[in-house]
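The structure appears below as structure tokens.
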Amino acid sequence: MHKFRVSTRRREELQDITSEVARVIGASGLKSGLCVVYCPHTTAALTVNEGADPDVAEDIISGLGHLVPSSLRFKHAEGNSDAHIKASLFGPSLTLIVEEGRPVLGTWQRIFFCEFDGPRERSVFVRTVAGGAGKE
Amino acid sequence: MHKFRVSTRRREELQDITSEVARVIGASGLKSGLCVVYCPHTTAALTVNEGADPDVAEDIISGLGHLVPSSLRFKHAEGNSDAHIKASLFGPSLTLIVEEGRPVLGTWQRIFFCEFDGPRERSVFVRTVAGGAGKE
Amino acid sequence: MHKFRVSTRRREELQDITSEVARVIGASGLKSGLCVVYCPHTTAALTVNEGADPDVAEDIISGLGHLVPSSLRFKHAEGNSDAHIKASLFGPSLTLIVEEGRPVLGTWQRIFFCEFDGPRERSVFVRTVAGGAGKE
């Protein structure tokens, strides 16, 4: 398993980690298979979305804030239940296809670490698995 | 990696792609393992849900429209930020178990391509990986 | 493929299944690779979130109830469309990294079965795949 660190700078932030994930896959020597990117935190998550226009990441954060307002009455005493809910909505892991030693992404897609309760020092775990079975 | 095309006909639509995914797995020759279905678009996604009653797919679209109204004020100039948010909520990939050459699904489950900014010509990528380890 | 049962006791409930998943991985003999946990139901899902404070699970259920109110007008005659939408928001599968025969989780993370239309008898499927490629 590979690990890398992410330093977030705001309470909520989408940080582009595509190049870090691509570097891990390159270093693993895997040419064809899968790559699982995993977030070991309960107030952060991972997603894939548009990276060309940074307004999209801003809109995702503001849209999620509309969905899960921090003003909702929650029980959890730390006051960050909105971040826990957002983490489960986006999910802790991404499973990507690897071809020719690189993650397969669409033209506009980038991989993002989603901070919902920062700023913090965070970790990302990556596992590569060889694949492509039978007549693939 | 296998690819197939999906032609969507409305701005928002859940299209059942179960038979296409099953066909790809059958053609790969894989009997036991995993199948990753991947959506390379940033305003579309994949999900698994009930296929027997088409009202469920309609309710999912209308329920998501309640969650993420397109009337929210967004920055992204293309005016489709609601679609980007819905794409991240449902996610770009599905990881399915393969047994006896077929995807393992519950009685009522079907695999859906989720269009949030159509109609468009879309692509779906599929990777199969052999598996079942140790005493499996 | 391994299976285990989950008995839910309320309409909506997050039930900690971490020890069941760890037991399945242990029994498979897998030391290093991936584990896919799959929910074959259309009104239930899986997630990873904080398990130390049970208030977090309660807040996730109440927060989701705010997102997808059961009072929305839906077409599906069974009256459980809110549960179908929540199932797709959290998703039917989790892909976990396995190291030293155990699922890799963060300090506060636990694996939860998410019941949205119970109480019911439910099933969970698990597939393990050996991995760690190249220089891993």
Exercise for review: Kindly provide the helix-only [θ] at 222 nm of chain B, computed as the sum of -39,500 (n - 2.57) over DSSP H runs of four or more divided by all residues, to the nearest 500 deg cm²/dmol?
Suggested key: -8000 deg cm²/dmol
Practice item. Name the residue, out of B:ALA22, B:ALA77, B:ALA44, whose mean-square fluctuation peaks in a Gaussian network model built on chain B with Cα pairs under 10 Å. Key: B:ALA77
Study note, to complete from the structure: Among B:GLU100, B:GLU78, B:GLU50, the residue with the largest mean-square fluctuation in a Gaussian network model of chain B built from Cα contacts under 10 Å is B:GLU78
Check your understanding: Hey, in the GNM for chain A with a 10 angstrom Cα cutoff, which one of A:ARG120, A:ARG73, A:ARG23 fluctuates hardest?
Key -> A:ARG73
Check your understanding: Under a point-charge model restricted to the Cβ atoms of Lys and Arg (+1) and Asp and Glu (-1), what is the dipole moment magnitude of segment C:2-130 relative to its Cα centre, in debye to the nearest 20?
Key -> 540
**Study point:** Share of alpha-carbon pairs per 10 Å distance bin for segment C:72-136, given as whole %
**Key:** 14, 36, 28, 15, 6, 1
Study note, to complete from the structure: In terms of the alpha carbon gyration tensor, root eigenvalues a ≥ b ≥ c, rounded if a/c is under 1.5 and otherwise prolate when a/b exceeds b/c or oblate, segment C:2-130 is prolate
Study note, to complete from the structure: For chain B, longest principal axis from Cα atoms; helix B:54-67 axis from its Cα atoms; angle between them, nearest 10 degrees, is 50
Practice item. Taking only protein heavy atoms into account and a 1.4 Å probe, give the accessible area per residue of chain B in Å². Key: 37
Review point. Carbon and sulfur atoms: what percent of the 1.4 Å accessible area of segment B:20-71 do they account for?
Key: 52
Revision key, fill the gap. With every protein chain kept in place and a 1.4 Å probe, the residues C:ASP16, B:ASP59, C:ASP53 fall, from largest accessible area down, as C:ASP16, C:ASP53, B:ASP59
Point to revise | Cα centroid separation, segment A:12-47 to segment A:50-105 (Å) | key: 15
**Study point:** Number of partner chain Cβ atoms within 10 Å, mean per residue of B:93-103
**Key:** 5
Study note, to complete from the structure: Relative contact order as a percentage, chain B, C-alpha pairs under 8 Å and 6+ apart, gives 53
Study note, to complete from the structure: Asked for the total accessible area buried by A and C (1.4 Å probe, Å², nearest 100), one would answer 2900
Review point. Taking R0 as 41 Å, what's the FRET efficiency between C:ASP53 and C:ALA27 from their Cβ-Cβ distance, rounded to 0.05?
Key: 0.85
Review point. Which of the listed residues, C:VAL56, C:SER70, C:GLY26, is farthest toward the dipole's positive end in segment C:1-73, when Lys, Arg count +1 and Asp, Glu count -1 at the beta-carbon?
Key: C:GLY26
**Study point:** Nearby aspartates and glutamates by direct alpha-carbon distance to A:LYS3 (threshold 14 angstrom, same-chain neighbours under 8 apart not counted)
**Key:** A:GLU20, A:GLU121, C:GLU99, C:GLU136
Exercise for review: Just check segment A:1-64 against the gyration tensor rule for me: Cα atoms, a ≥ b ≥ c as the square roots of the eigenvalues, rounded for a/c under 1.5, and otherwise prolate or oblate depending on whether a/b exceeds b/c.
Suggested key: prolate
Check your understanding: What angle, in degrees between 0 and 90 and rounded to the nearest 10, separates the Cα long axis of helix B:81-90 from the longest principal axis of the Cα atoms of chain B?
Key -> 30
Review point. How big is the C-alpha Rg of the protein assembly as shown next to the rule-of-thumb value 2.2 N^0.38 Å, as a ratio?
Key: 0.89
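The values are calculated or read from the model by the stated rules, or taken from the named source; none is laboratory data. Computed from a predicted structure; not experimentally measured. No Cβ is skipped: glycine too gets one built from the backbone with ideal geometry, and neighbour counts run over all protein chains shown. These area figures cover heavy atoms from the full protein model, side chains too; ligands, DNA and RNA do not enter into them. Shrake-Rupley method; radii C 1.70, N 1.55, O 1.52, S 1.80 Å.
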